[in-house]
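Each reported figure results from applying straightforward, stated rules to the coordinates on display, with no laboratory input. Since we're looking at a predicted model, the values are computed, not measured. Please note: Cβ atoms are built from the backbone with ideal geometry, for glycine as well, and neighbour counts cover all protein chains shown.
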Amino acid sequence: MIPELPATMSAEILLKENAELRMRVACLEERCRELEEKVGKNSQNSSKPPSSDGYQKPCKNSNSPDHSDEAKLPLMVESAKLP
């Protein structure tokens with residue numbers, strides 16, 4: 001149970017605690033940003049060697065053909081044959 005404190009004293013304590021918690025949140029947010037950057041690095045966007053990438057399936061390159069375009073190809077060819 002929380003002991004009863006004078007109103008001014010409890011306000012001072014709460015303001016101090018609030019400031020400490022805000023500082024802690026800022027530190028944790030910075031740490032989170034650092035970890036997210038570290039996780040997002042691989043051999044293609046950093047100086048890490050390819051062997052450090054692990055056995056994950058490589059992400060699709062935006063220049064690689066999309067399988068949905070292959071399904072559209074016969075339709076385009078058929079429509080080109082129309083008189």
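Electrostatic tally near ASN18: other residues with Cβ closer than 12 Å to its Cβ, Lys and Arg +1, Asp and Glu -1, net 0.
Applied to the range 42-47, the Karplus parametrisation 6.51 cos²θ - 1.76 cosθ + 1.60 on θ = phi - 60° returns per-residue 3J(HN,Hα) values of 8, 5, 8, 10, 7, 8 Hz, with x for Gly and Pro.
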